[in-house]
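The values are calculated or read from the model by the stated rules, or taken from the named source; none is laboratory data. No experiment lies behind these values; they were computed from the predicted model shown. Backbone-built Cβ (ideal geometry, glycine too); neighbour counts: all protein chains shown. These area figures cover heavy atoms from the full protein model, side chains too; ligands, DNA and RNA do not enter into them. Shrake-Rupley method; radii C 1.70, N 1.55, O 1.52, S 1.80 Å.
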Amino acid sequence: MKTELMSANYAASRAVVSARVEVVAAYPITPATTVPEQIALLNEQGIYKGQFIRVESEHSAMFACIGASSTGARAFTATSSNGLLLMDEGLHWAAAARLPIVLNNVNRSVSPSWNIHVTHDDSYSKRDTGWIQFYVASVDELYHTIIQSFKLAEDERVLMPVMVNSDGFVLSHTVSPYDHLEPEEVDKFLPPYTPPHWVMDPENPVSHGNIVFPEHYSEFRNMMHEGTKNALPVYTEIEKEYKKLFGKYFGGPIDCYKCDDADVVFTSQGSMGAEAKDAIDELREEGYKAGNARMRMIRPFPVDKIRELGSKVKAFASFDRGVSYGFGGPVANDIRSTMYHMKHRPMIKSYIGGLGGRDMAIPDIKAVILDTFKAVESGELGPEETWNDLKD
Amino acid sequence: MHWTCFHLVNEVNTEPTGKKDMPKTSYSKPSIGSTGKTGSWRTFDPMVNYDECNKCRTCWLHCPEAVISIGEDDFPVWDFDYCKGCGICAEVCPKKCIEMVRTSDAVGGSLPVGGSEG
Amino acid sequence: MVTTKEIPLKEYVLKGNAACAGCQDMVALRHAHKALEGDVIQVVPACCTSVVQSLWPKSGLAVPILNTAFMASAATASGVKAALKAKGNDHTMVMVWAGDGGTFDIGLQALSGALERRTDFLYICYNNQVYSNTGTQRSSATPLHAQTTTTWFGKTEPEKMLDMIIAAHEPVYQFTANTSYPRDLFDKFKKAQEFEGPKFGHIFLPCPQAWNYPVEKGVEIGKLGVETGYWIQWERVGDEFTLGKHSKRFQDPEKRKPIDEFLKMQGRFSHLYRPKRNDKKIREIEDFIQHRWDMLIRTFT
């Protein structure tokens, strides 16, 4: 292990080399572009030894990955925003075909209102595809989560594709240190991919994607659901092994900070979760019992962990950098439905903000948490969701 | 010698009853009769006059169903379990020795001359 | 040309599959696979062949088949080829088997991309000139004045000259074929195996459902397509163009059979003869046929 200084995109391309990916297919889109650029360079330099397909669209990128994975190769792609939306058909396809593809989505706003900065609307809109979804808060975490994701996706109990989300520009273009592993080191953790069920092979011909009548359709869909849900326990095992081998641990599906005795827990996805720790420290100094729960995984939704947290707190201040139009904060609503059947139901405040890359600094996060403290004190939930930084 | 593909699983795969005997995704194995005994689709049967047949295999060449095989004596043999009765063999036969006969009128009901290699 | 008796007896299209009676796609598939002899991975987008792939858990084809999304067959094939390369397999042919809708229309971008990347694969468009799997809607391969369920009174535009678009990508080998000439088709698949790089085959394929002709007439109608000059058999290795032996004599319009012989057999053109022959519209079809010949010969010779 060796510490390197790089942006998240550059580190993602290094994770592809470290994980011995066999096929990458990708198409440029800001802010993900430097991922395929770097893979191309590493490929031309002979450092990335797999195949790199310079496809003509994101739709083709995902389907080239589907073709490669169906032929037994470890496959990877990276994209952003409208690129992810164009892949949609393939996202559903990869999940239903149980192909362990890993995708680095560099979160970016969706056009129009053309904007290249971070919003989580792109990946939020893909929560129902079956893909496992991670959100990371640092370059180091992105690099290691990509490597872990191959192991998770390829586990026979899971066999579902994984999307690792990293915030556009905040992470993608910001240089910071990460601990690099050589492929030979990763070999100890990640064996070569062997498809456990079916593969395109002329020696043993099978046909994939045949018509399925209503008699069996639900069963296939139920097995997908189980596969995605299994990611929670399997990821716990993976993290344990990874920590033992490389000393790296990022906190499970929810990375908690000072939550144990907290009255109010702030939840968020992505890079904001790192800054929130500083906000918590300041609030603690000011006498507020606040905690930070950084949601690393939102599909499968870490139901048990949220219930455990929720049983101890007075309120969640749940922050979404994206919107389910007409219903509010996507993760806030997931937390609300997770807590509905519990005896102790804390107040769940939903905040929406930081859209289009609008800065969410420590004072902004503090203001959100203090607003929740105020609501707890008054006992009034207030609005269904609060657009935190809206200019009237 | 009956030429079909050798890596066939079997003719009738058992239908899965539920999740416990289903794979995780819908992959299929090569099977004869994947849509059942398609011979039941037939309304006309090809009847061959083997006295006239010159073993030219034109019927075999154009058969869309691969139901015609070449027997050991080099004569074409129809598999009536699966022949859909399209009549192309009769149309292309240069010797005009294949006749399409309404299924109920064919010799032996649905098993006319040529028999079944099933 | 291969003799009938030289064509292998082994079958890869399995009897009792879901194809319609008289389906010419099965003739094309049978002889394509006899030529390729099993060392192939076949990518199939939404089209009739995806139905012949059959109901889970059975397959009507004894080769590996990867079903994929309508617009994605060439991209999927690129991924399959890359995986084979990554694993050191340099012998297995990757073949797309797509209909005209999946090629002329929705799959064109992915196809263009894969050809431009010089992907080592064989793309086959089996052209029955209509979206037959969804119940015969017009595609950009549907001929002028043909009736479909989205052109009830006949299509008002002639078909796209796809072969010109493909040729502009300079495949290593490009051919047209016709299911009424299976031996010629067999030869072209054998030949395709000899080349490394992008290869494209365009197969003319009468469809009894969509064209509305008696099922047993599939071979006759395909031959009439050639004999009236409507369909042209040719191949091109690099820049070297060869007009097919079956089409050669029909380059001379005088030698062609009247187009009526081809049109009259098909229900989709029956409106051109009711209540009486529509001379103007039939003339337009003839003019387009000549235009296509002129374009082809002018461009490639």
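Suppose we keep only residues that are more than 7 Å from chain C (Cβ to nearest Cβ) and of a type in the set (S, T, N, Q) within region A:35-73. Which one would you say is surrounded by the fewest Cβ atoms within 10 Å (Cβ to Cβ)? Checking each candidate, the answer is A:GLN45. For region A:202-217, a residue qualifies if it is open to solvent by less than 50 Å² (accessible area, probe 1.4 Å) and either touching a residue at least 60 places away in the same chain (Cβ under 8 Å) or not in a helix (DSSP H, G or I) (or both), and the qualifying residues are A:PRO202, A:PRO205, A:VAL206, A:SER207, A:HIS208, A:GLY209, A:ASN210, A:VAL212. Of the strands (runs of 3 or more DSSP E) lying entirely inside region B:26-118, the ones with 3 or more residues being at pLDDT 95 or above and under 24 Å from C:CYS207 (Cα atoms) are found at B:44-48, B:98-102.
Applying a threshold of 6 Å to beta carbon distances and a minimum spacing of six or more residues, or different chains, the list of pairs starting in region A:218-243 at a residue that is within 9 Å of another protein chain (Cβ to nearest Cβ) and ending at one that is of a type in the set (Lys, Arg) reads A:GLU219/B:LYS19; A:MET223/B:LYS24. Inside region C:30-43, residues that are in contact with a helix residue (DSSP H, G or I) (Cβ under 9 Å, 6 or more places away or on another chain) and within 8 Å of chain A (Cβ to nearest Cβ) make up a count of 3. When the residues of region C:1-29 are narrowed to those that are within 7 Å of chain B (Cβ to nearest Cβ) and free of Cβ contacts under 8 Å to residues at least 24 places away in the same chain, which ends up least open to solvent (accessible area, probe 1.4 Å)? By that ranking, first place goes to C:LYS15.
Here's a check for you: in region C:168-219, which residue that is within 14 Å of chain B (Cβ to nearest Cβ) and β-branched (Val, Ile, Thr) is nearest to C:SER78 (Cα to Cα)? Residue satisfying both the conditions and the ranking: C:ILE203. For first residues located in region B:18-39 and more than 7 Å from every other protein chain (Cβ to nearest Cβ), partners that are open to solvent by less than 20 Å² (accessible area, probe 1.4 Å) and of a type in the set (Lys, Arg) and lie 6+ apart or on another chain with Cβ distances below 8 Å form the pairs B:GLY39/B:LYS84. Restricting region B:34-72 to residues that are of a type in the set (D, E, K, R) and open to solvent by less than 40 Å² (accessible area, probe 1.4 Å), the residue that is farthest from B:SER104 (Cα to Cα) is B:ARG57.
Here C:LEU55 clears all of (1) surrounded by fewer than 23 Cβ atoms within 10 Å (Cβ to Cβ); (2) within 8 Å of another protein chain (Cβ to nearest Cβ); (3) closer than 20 Å to A:SER70 by Cα; (4) modelled with pLDDT of 95 or more except the condition numbered (4). Sort through A:LYS312, A:LYS305 and tell me the only one that's under 20 Å from the mean Cα position of the chain (by Cα) and open to solvent by 10 Å² or more (accessible area, probe 1.4 Å). So the residue among A:LYS312, A:LYS305 that is under 20 Å from the mean Cα position of the chain (by Cα) and open to solvent by 10 Å² or more (accessible area, probe 1.4 Å) is A:LYS305. Out of the residues in region C:128-153 that are surrounded by fewer than 24 Cβ atoms within 10 Å (Cβ to Cβ) and part of a strand (DSSP E or B), state the one that is nearest to the other protein chains (Cβ to nearest Cβ). Only one residue tops the list, namely C:GLN137. When C:ALA32 is tested against (1) touching a His at 6+ places or on another chain (Cβ under 8 Å); (2) buried (at least 24 other Cβ atoms within 10 Å of the Cβ), just one condition goes unmet, and that condition is (1). The criterion of at least 1 residues that are at pLDDT below 95 and open to solvent by 40 Å² or more (accessible area, probe 1.4 Å) is met, among helices (runs of 4 or more DSSP H) falling completely within region C:154-250, by C:208-211. Within region C:70-85, being more than 7 Å from chain A (Cβ to nearest Cβ) and open to solvent by less than 10 Å² (accessible area, probe 1.4 Å) holds for C:SER73, C:ALA74. Pairing each residue of region C:288-301 that is open to solvent by 40 Å² or more (accessible area, probe 1.4 Å) with any residue that is not in a helix (DSSP H, G or I), provided the two are 6+ apart or on different chains, yields C-beta distances under 6 Å for C:THR301/C:PHE241.
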